[in-house]
There are 2 protein chains.
Amino acid sequence: MRAEIIAVGSELLLGQITNTNAKFISARLAEIGIDAYYQTVVGDNPDRLEEVIDIAQNRADLIIFSGGLGPTKDDLTKETIAKKLNGSLEMNIEALTSIEEYFNRTGRVMTENNKKQALVLADSMVLINRNGMAPGMAIEKKGLHYILLPGPPHELEPMFEKEAIPYLLGALGKQEVIASKVLKFYGIGEAELEFRVQSVLEKQSNPTVAPLASPDSVILRLTAKASSIEEAYKLIDPVEKEIRSLVGEFIYGTDDDTLSSKAAELLMKNQLTLAAAESLTAGRFMAELANEPGISASLKGGVVVYNEQTKMEQLGIHKALLEEHGVVSPECAAALARNVKQKFGSDIGIGLTGAAGPDPHDGKPMGTVWIGLALKDDEVKTFKLNLSGTRNANRSRAAQFALYYLINEISSYE
Amino acid sequence: MRAEIIAVGSELLLGQITNTNAKFISARLAEIGIDAYYQTVVGDNPDRLEEVIDIAQNRADLIIFSGGLGPTKDDLTKETIAKKLNGSLEMNIEALTSIEEYFNRTGRVMTENNKKQALVLADSMVLINRNGMAPGMAIEKKGLHYILLPGPPHELEPMFEKEAIPYLLGALGKQEVIASKVLKFYGIGEAELEFRVQSVLEKQSNPTVAPLASPDSVILRLTAKASSIEEAYKLIDPVEKEIRSLVGEFIYGTDDDTLSSKAAELLMKNQLTLAAAESLTAGRFMAELANEPGISASLKGGVVVYNEQTKMEQLGIHKALLEEHGVVSPECAAALARNVKQKFGSDIGIGLTGAAGPDPHDGKPMGTVWIGLALKDDEVKTFKLNLSGTRNANRSRAAQFALYYLINEISSYE
């Protein structure tokens, strides 16, 4: 099945927004084995949209549209497609009811043009919109499949996952469901990860194992096809175990976990309190951790000590220590962690110090970072990083590594 | 002139990257009065690329390509275009020299396929690549203009600004240059801003005045065309003054300024030191400010006091104050600011407290934030925000508003 993705919207052609829908849809299509051959963007202009549909009908078996399903007179996607397919639009009662309920719920007044959103292509399968008003549609005509999706990504993405993918699997003649599990890594690069799990990557078939790197982390997405979700996860399980046996120490979580959500979850589950002393990160570590609701049960607070004077005055770091070892040292990181733990009366103390850049700091090259972890039983561990990014990438990485070390430490208690 | 933007790259069709180049190019084209009618993405496949070029030749006067100029055998954009135009490729000596210099400078070994990058379309204008190896090209054939750009955005963007736009202005028959100035706003929404500067927007012609909103701020981009850069800025000046007279209090900076860069610049210029006490933001304000190199001269540090106990123990906030007014109050924000200023011996103290969400906090609804600003002469100002975002959007906004109030305060000293 050859797919073309057509985004409709003048705001895309004016450069006001980026076509992230095309990326999202393409990635999900690849996962179920459908190749996207073209992505096209056209404005809110029915003549040009018709021409674009003509072209797509000649080169694709599956045409996926995003945008142009809204209530305004610019929104002409389904009207134009109805015309091209010699079809008609009909009022969908479920969609209309859901739109009316939305207006009742929010107390806003429903205008006549909002009803237009409940019009769907006759004989199409209606795709439910859980996050907005305009329903999507899927229809097959003369061997070609057409899928119409709303433009806003927060409406399009869940509709594509929950409604369009099952339709496509059916269209592909597959009595199958798809299940995915994402393993999230930190502290390991993409190349190194691929090298270490080479044996798994080489023999993959079902589940497929796809590495995906972002600037800050690497994930492996395991995707299995089976007759039921349960069967699919049964196929994923042994492969996940094999990966964990090879590189488990770099896996900090799965699926929607983030470094901060995982660290917060472990702190709260283990009823541990935490305080931090931050130099180069200047509060970023604590701010990240405080992304998580409920963290006030564990995060007591901490101190930002951005220069030598405040390190001494606010946290009692000895002048002799700084003179002997410097501020960018394991001794300083350990003292920051130990002293902030004591000052705040927390179970765990974390200290971050380093040379963020752009210049060397205290004789240490840019990117040198020391992280101290003062633990419950008065043990202190220190970790060294040699980062190679820009100033702020280094600061962000340092905070993330501190979360990662914290996760590894608390995980080991379990 | 009708433009089509064609991005070449299988990684786009696999959903591995987003086509941000199309957005960038479209926005810049709109600015110089060229309408983009289509954006197309095609893979690294010469046959399909040829077909896409056929279609574009029938519906556009200007075709802009991104990607496929690199050294690997997948990179076939210029070869395919040369074939379509019955043209040839020739070695460009300047580009070759620049590639050789790059390898010498970085100490890497240049392989034969890197020379391929210096091949350009015969009779084309070569567009210099300041951030990479592959040069761009511009050529006119049979009344159509073709512009070839490298794929990586950090190479494409400056090349487009500095090389392609002058070429296009020439092609449009304009003996003109373009100059832009961006005015950056905070604390005002897009609709409100447009309403207040309506008189300017209505009579705009040269310079054009374009509002652009992001989730966090609004900008106005003033773009003038003139015979020289100096003349263009002379056209911009009076319009900028008029805008400042209408909404100057919301303008925190221009062009590349950010809230943190502007706040840091003002602190350092006025030799002021700062300390902060953060509750809901948990370090985010200080971490933002510390984005700026050299800030250690001004940012002494501060305290994250994430619960009532630490507010009392670490900053001496009186229990009676918290009992009478609560933690989400102007009294608490003022006390945080005053006490952290004293504790760190800084010129300015800032206190942030509020209900980030998802739940109300201390009886105050989610989104209620108080910011205290303790100033040099022992005056304390407090500011209230009623934010309506998610938990973390509220925390981010609170930190940004604190920077914005700080900028306004220090600016008033000048």
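Of note:
- Residues located in the stretch A:324-340, provided they are assigned to a loop (DSSP other than H, G, I, E, B) and more than 29 Å from A:Ala264 (Cα to Cα): A:Gly326
- Just one of (1) small (Gly, Ala, Ser); (2) more than 14 Å from chain B (Cβ to nearest Cβ); (3) out of contact with any Asp or Glu (no Cβ under 6 Å at 6 or more places or on another chain) fails for A:Gly326. It is (3).
- When B:Glu50 is tested against (1) out of contact with any strand residue (DSSP E or B) (no Cβ under 9 Å at 6 or more places or on another chain); (2) away from chain A (no Cβ under 11 Å); (3) farther than 20 Å from A:Ala60 by Cβ, just one condition goes unmet, and that condition is (3).
- Single condition A:Ile350 does not satisfy, out of (1) outside any helix (DSSP H, G or I); (2) of a type in the set (Val, Ile, Thr); (3) under 28 Å from the mean Cα position of the chain (by Cα); (4) more than 14 Å from chain B (Cβ to nearest Cβ): (4)
- Contacts under 7 angstrom Cβ, first residue in the stretch B:369-394 being in contact (Cβ under 8 Å) with a residue 40 or more places away in the chain, partner part of a loop (DSSP other than H, G, I, E, B) and not β-branched (Val, Ile, Thr), 6 or more apart: B:Val369/B:Leu280; B:Val369/B:Leu387; B:Trp370/B:Ser329; B:Lys376/B:Asp347; B:Asn394/B:Ala356; B:Asn394/B:Gly357; B:Asn394/B:Gly367; B:Asn394/B:Leu387
- If you check B:Leu321, B:Leu266 for being open to solvent by 10 Å² or more (accessible area, probe 1.4 Å), away from every other protein chain (no Cβ under 13 Å) and in a helix (DSSP H, G or I), only one passes: B:Leu321.
- Identity of the residue in the stretch B:24-42, more than 7 Å from chain A (Cβ to nearest Cβ) and outside any helix (DSSP H, G or I), that ends up most open to solvent (accessible area, probe 1.4 Å): B:Asp35
- Among the residues of the stretch A:1-27, those that are in contact with an Asp or Glu (Cβ under 7 Å, 6 or more places away or on another chain) and under 26 Å from A:Leu222 (Cα atoms) comprise A:Met1, A:Arg2, A:Ala3, A:Phe24.
- Residue count for the stretch A:375-388, restricted to those that are in a strand (DSSP E or B) and either open to solvent by less than 70 Å² (accessible area, probe 1.4 Å) or modelled with pLDDT under 95 (or both): 6
- Some residue of the stretch A:248-255 being in contact with a Ser or Thr (Cβ under 7 Å, 6 or more places away or on another chain), buried (at least 18 other Cβ atoms within 10 Å of the Cβ), at pLDDT 95 or above and under 27 Å from A:Gly189 (Cα atoms): no
- Condition met for A:Gly372 (assigned to a strand (DSSP E or B), open to solvent by less than 10 Å² (accessible area, probe 1.4 Å), closer than 17 Å to A:Gln400 by Cβ and among the small types (Gly, Ala, Ser)): yes
- Matching residues in the stretch B:241-263 - criterion: being farther than 20 Å from B:Ala337 by Cβ, within 14 Å of chain A (Cβ to nearest Cβ) and among the small types (Gly, Ala, Ser): B:Ser261
- Candidates A:Ile5, A:Ile17, A:Ile81: the one that is surrounded by 20 or more Cβ atoms within 10 Å (Cβ to Cβ) and within 14 Å of another protein chain (Cβ to nearest Cβ) is A:Ile5.
- Exactly one residue out of B:Lys311, B:Lys343, B:Lys300 is part of a helix (DSSP H, G or I), within 14 Å of chain A (Cβ to nearest Cβ) and surrounded by 24 or more Cβ atoms within 10 Å (Cβ to Cβ): that is B:Lys311.
- Members of the stretch A:172-200 that are closer than 29 Å to A:Ala263 by Cα and among the aliphatic types (A, V, I, L, M): A:Ala179, A:Val182, A:Leu183, A:Ile188, A:Ala191, A:Leu193, A:Val197, A:Val200
- Selection within the stretch A:187-207: residues that are open to solvent by less than 50 Å² (accessible area, probe 1.4 Å) and either assigned to a strand (DSSP E or B) or within 26 Å of A:Ser388 (Cα to Cα) (or both). The member of this set that is modelled with the highest pLDDT is A:Val197.
The values are calculated or read from the model by the stated rules, or taken from the named source; none is laboratory data. The structure presented is a predicted model; accordingly, all values stated were derived computationally and were not measured. Every residue, glycine as well, gets a Cβ built from its backbone with ideal geometry; the counts of neighbours run over all protein chains shown. Accessible surface areas use protein heavy atoms only, side chains included; no ligands, DNA or RNA. Shrake-Rupley method; radii C 1.70, N 1.55, O 1.52, S 1.80 Å.
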